[in-house]
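> This is the structure I have questions about; it appears just below.
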Amino acid sequence: MSEMIENQFEKEPKKGFFLMSIATILLAAFIWSVSSIEVQSLNESGLTIASNIFKGLMNPDLELLFGLTTSGVLYLLFETICIAFLGTIFGAILAIPIAFLMAPSVVPAPVAYVVRLVVIVIRTVPALVYGLMFIRITGPGPFAGVLTMSITSIGMVSKLYVDIIEDLDTSILESLTSMGCTTFEKIRFGIIPQLFSNFLSITIYRFDMNLRDATILGLVGAGGIGAPLIFAMNSYRWNEVGSILIGLIVLILLVEFFSNKMRARLIKG
């Protein structure tokens, strides 16, 4: 028995050299990354700003935080949610036909490769660049933010949709065909039930990401709460900064909690 075990160990490939090579590369990359950090840039002015931000969080502007005006935190958060929600919905809808065109099991391979290449190009452009482009076209405001969220959602969502489409249980479709079902019935009872819960789970996950991106887009004028935040910081109104950050933290925590609950329920059925 012991001889069999020893023979088995001898047959197994030796991974020592491979693991050492990977560890050496990772260590070299870590050292190179650390060398680019400039501790000297952390001067007294930076520490003062950090201290002021912390004080603003501890002493927020309550009138701004709970005010119901269009310049209040609640309204700005609602606008940010709307930008992220509409952008996610439009992006998810547009991603469905694109995902089917990316699936080699649905369309010819050349078509799938071309569409995949287009989606890769879409994904390589950062959201801020799209935001700046759409601001030039539509002008600053929430509409530019919605368009940006829609385009950026297509890249990621369609890629995840394809994985679900490729894992479809085709035996169900074969059973429906043998029963004499029409194409519409096969889509309605054979494809949609398999895709719906997974598609919805992916869409919820993307909405969670878009909510954070919508905040950043406000910095370039694409609507939402980002613009008031940067204006308050540039004007050294730290109480207002504290109010806006508190609102963002609470909003993101709530969305994270409910989205995780919904996605877990969808995945478990």
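> Which of the residues that make up segment 222-236 are surrounded by 18 or more Cβ atoms within 10 Å (Cβ to Cβ) and not in a helix (DSSP H, G or I)?
A222, G223, G224, I225
> Could you figure out which of (1) touching a Gly at 6+ places or on another chain (Cβ under 8 Å); (2) open to solvent by less than 70 Å² (accessible area, probe 1.4 Å); (3) modelled with pLDDT of 85 or more isn't true of I204?
Among (1) touching a Gly at 6+ places or on another chain (Cβ under 8 Å); (2) open to solvent by less than 70 Å² (accessible area, probe 1.4 Å); (3) modelled with pLDDT of 85 or more, the lone unmet condition for I204 is (1).
> Taking the options T182, T170, T177, name whichever one is surrounded by fewer than 21 Cβ atoms within 10 Å (Cβ to Cβ), over 29 Å from P126 (Cβ atoms) and touching a Lys or Arg at 6+ places or on another chain (Cβ under 8 Å).
Details: T182 fails: touching a Lys or Arg at 6+ places or on another chain (Cβ under 8 Å); T170 fails: touching a Lys or Arg at 6+ places or on another chain (Cβ under 8 Å).
The unique qualifying residue is T177.
> Return a yes/no flag: does segment 215-224 have any residue that is over 30 Å from I137 (Cβ atoms) and of a type in the set (A, V, I, L, M).
The first filter runs over segment 215-224 and keeps only residues over 30 Å from I137 (Cβ atoms), leaving none.
No, because not a single residue in segment 215-224 is over 30 Å from I137 (Cβ atoms) and of a type in the set (A, V, I, L, M).
> Which pairs turn up if I take residues in segment 158-178 that are under 21 Å from I202 (Cβ atoms) and at pLDDT 75 or above and look for partners that are of a type outside the set (V, I, T) and outside any helix (DSSP H, G or I) with beta carbon separation below 7 Å, at least 6 apart in sequence or on another chain?
Filtered contacts from segment 158-178: V162/A103; I165/A103; E166/A103; E166/S105.
> Which ones in segment 210-221 are crowded, with 24+ Cβ neighbours inside 10 Å and more than 18 Å from I249 (Cβ to Cβ)?
The answer is L217, and nothing else.
Per-residue answers, yes or no, for (1) of a type in the set (A, V, I, L, M); (2) open to solvent by 100 Å² or more (accessible area, probe 1.4 Å); (3) at pLDDT 75 or above:
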{"position": "M4", "(1), (2), (3)": "yes, yes, no"}
{"position": "K11", "(1), (2), (3)": "no, yes, no"}
{"position": "K14", "(1), (2), (3)": "no, yes, no"}
{"position": "S41", "(1), (2), (3)": "no, no, no"}
{"position": "F54", "(1), (2), (3)": "no, yes, yes"}
{"position": "I96", "(1), (2), (3)": "yes, no, yes"}
{"position": "F100", "(1), (2), (3)": "no, no, yes"}
{"position": "P108", "(1), (2), (3)": "no, no, yes"}
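> What's the number of the condition S235 fails, among (1) more than 18 Å from the chain's Cα centre (by Cα); (2) modelled with pLDDT of 85 or more?
(2)
The values are calculated or read from the model by the stated rules, or taken from the named source; none is laboratory data. Keep in mind it's a predicted model, so treat the numbers as computed, not measured. Cβ atoms come from the backbone with ideal geometry, glycine included; neighbour counts cover every protein chain shown. Note: areas computed on protein heavy atoms with side chains; ligands, DNA, RNA excluded. Shrake-Rupley method; radii C 1.70, N 1.55, O 1.52, S 1.80 Å.
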